[in-house]
């Protein structure tokens, strides 16, 4: 080994020892402060939440929430499907069967409906009659149905749900175009009942 190679090895060893000391002999001395340090000025999060909570006027907040709830309810309680009133008493029969393209399964993997034509009444019978009507028909329509011993579910096609519920003394639900199509409602009031595997639609005349 020539002198130049020897010198290179010595310098390399010194470099390694200087910058990569053995872990057991590493220095643990305080290296001091480098750069400027500043005191933390950010407010404690818990203190901030408590302070903000103390600034809230709970009465004003409650009144504001009640007002918004009332406005939202009023906005969504009105329905207008423009279904005409019945001009003659008429009975129609509707087959509610639907064409199921693929079998339907429940969460356990059990088949609920097979593919093909399915009548929902074969699986879930209509337990209560359904009275579809307008707000201005509520009282008179209920008088007629109650005489027959009916206590139907009420679906509103036109009017205000809240007012109709007060008039009926029971909950009134909002009808939708989809429901009207499925029940094939053409005029109101219409009383929907089940007869065997079909729906019986009775259009009622109000005087």
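The numbers here are math on the coordinates, done by the rules we state, and not lab data. Note that this is a predicted model, so its numbers are computed, not measured. Don't worry about glycine lacking a Cβ; one is built from the backbone with ideal geometry, like all the others, and counts go over all protein chains shown.
Which of 76, 107 comes first, and how do the rest follow, when ranked by fewest Cβ neighbours within 10 Å?
107, 76
Where does the range 90-203 land on Rg/Rh, using Cα atoms and the Kirkwood Rh?
Rg/Rh: 1.04.
Going by C-beta contacts inside 10 Å, put 193, 157, 145, 87 in order with the fewest on the left.
87, 193, 145, 157
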